Amino acid sequence: MENRTKCFRIGVGIKCSYCQSGNCIKNGKTLNAKSRYKCNSCFKRFILNYTYNAYQSNLNQQIIILTKEGLGIRSTARVLDISATTLLKRIISIANKIPRPFISKGKVYEVDELRTYIKSKNRLVWIVYALERESWKIVSFNVGARTNKTLKAVLTTLQLSEAKSIYTDGLRNYKYLIQKKIHKVIRFGTNHIERFNLNLRIHLKRLNRRTICFSKSPVLLSAVLKIYFWSELII
């Protein structure tokens with residue numbers, strides 16, 4: 001009995017796909033006759049070579065790279081050899097794991113809106129986001145109609161961080177949402193964020209001017225933007 005247990009644990013050199021622990025044992029076989037292992041640290045079961053590419057350990061990183069390089073949903077699915085449905089679920093899952101960035105106090109920000117649509121060109125939505133001028137980092141964004149509610153979701157974050165100045169374009173709504181002493185509307189005041197608008201248009205296929213790609217839901221659009229803006233926070 002002792003020898004049998006020892007043989008059962010010969011797969012100990014295997015590392016767990018989830019927690020990278022080496023405390024693994026054999027745990028029978030799958031329906032495809034592949035050896036299955038169990039981790040005694042996180043108690044999860046896994047196999048070494050998955051047939052379906054969606055189970056590969058580095059898939060999330062590949063999705064992040066291809067998304068930021070401008071590939072659409074179907075293009076990414078073809079490159080990774082997975083279904084589009086699986087890819088959509090995985091994008092939302094990745095986005096949910098990305099934390100919001102830390103915002104320093106007393107910084108200078110630029111805020112602007114970028115117009116796009118969902119499903120139909122008659123269903124317009126705006127991407128409102130704030131760029132920290134010194135670092136060129138996006139600190140907050142929101143997707144919705146061009147209303148005070150959508151704008152306020154971004155501006156409240158900046159005001160809580162005790163922003164030194166907030167530069168915007170001439171949109172009248174900002175006058176009622178930003179304190180007069182920190183609100184700046186000047187020529188070339190939003191040059192940085194206008195340039196970042198161009199980056200978004202070029203890098204994300206769904207935001208291109210002339211393209212057949214488009215967003216089918218605000219949830220997916222927000223998830224893609226979150227990956228583009230903040231994916232380095234989980235790498």
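The values are calculated or read from the model by the stated rules, or taken from the named source; none is laboratory data. Note that this is a predicted model, so its numbers are computed, not measured. In this analysis, Cβ positions are derived from the backbone assuming ideal geometry, glycine residues included, and neighbour counts consider all displayed protein chains. The area values use the complete protein model at the heavy-atom level, side chains included, leaving out ligands, DNA and RNA. Shrake-Rupley method; radii C 1.70, N 1.55, O 1.52, S 1.80 Å.
Projecting the Cα atoms of Thr85, Leu177, Leu207 onto the charge dipole of the chain, computed from C-beta unit charges around the Cα centre, puts Thr85 farthest toward the positive end. Note on the chain: with charges restricted to the Cβ of Lys and Arg (+1) and Asp and Glu (-1), its dipole about the Cα centre is near 600 debye.
Shown is the FRET efficiency for Ile47 and Glu69, computed with R0 = 30 Å from the Cβ-Cβ distance and rounded to the nearest 0.05: 0.50. Amide H contacts for Arg36 (H built 1.01 Å from N in the peptide plane; partners 5 or more residues away or on another chain; cut-off under 5 Å): Asn27, Gly28, Lys29, Thr30.
For the cross-link pairs Lys152/Lys216; Lys164/Lys205; Lys44/Lys89, which exceed 29 Å when the distance is taken from alpha carbon to alpha carbon? Beyond 29 Å: Lys164/Lys205. Using a cut-off of 26 Å between Cα atoms, the listed pairs Lys121/Lys181; Lys68/Lys119; Lys68/Lys149 include Lys121/Lys181; Lys68/Lys149 as exceeding that distance. Ranking Arg210, Arg100, Arg133 by solvent-accessible area of protein heavy atoms (1.4 Å probe, all protein chains present), from largest to smallest, gives Arg210, Arg100, Arg133. Per residue, the accessible area of the range 71-130 comes to 55 Å² when a 1.4 Å probe rolls over the protein heavy atoms.
To the nearest whole percent, what portion of all C-alpha pairs in the range 7-122 is separated by more than 17 angstrom?
On the way: 4682 of 6670 pairs.
Percent of Cα pairs beyond 17 Å in the range 7-122: 70.
Here Rg and Dmax of the Cα atoms in Å was computed from the coordinates, and among (1) 18.8, 61; (2) 23.4, 82; (3) 19.9, 61 the match is (2).
Between the amide H of Ile118 and those of Arg123, Val125, distances stay under 5 Å, these residues lying 5 or more places away or on another chain, with hydrogens modeled in the peptide plane.
The listed residues Trp230, Trp136, Trp126, once ranked by accessible area (1.4 Å probe) with the largest placed first, stand as Trp136, Trp126, Trp230. Taking all protein chains together, Phe196, Phe102 sort by accessible area into Phe102, Phe196, largest first [probe 1.4 Å]. For the chain, find the longest principal axis of its Cα atoms and tell me its angle to the long axis of helix 218-230, 0 to 90°, nearest 10. Here the helix axis deviates by roughly 90 degrees. The gain in end-to-end length when the Phe102 to Asp81 segment is fully stretched comes to 4.0 nm, 0.36 nm per residue minus the alpha carbon separation. If you plug the beta carbon distance of Gln159 and Glu194 into 1/(1 + (r/R0)^6) with R0 = 22 Å, you get a FRET efficiency near 0.45.
Share of carbon and sulfur in the accessible area of the range 159-235 stands at 53%, probe radius 1.4 Å.
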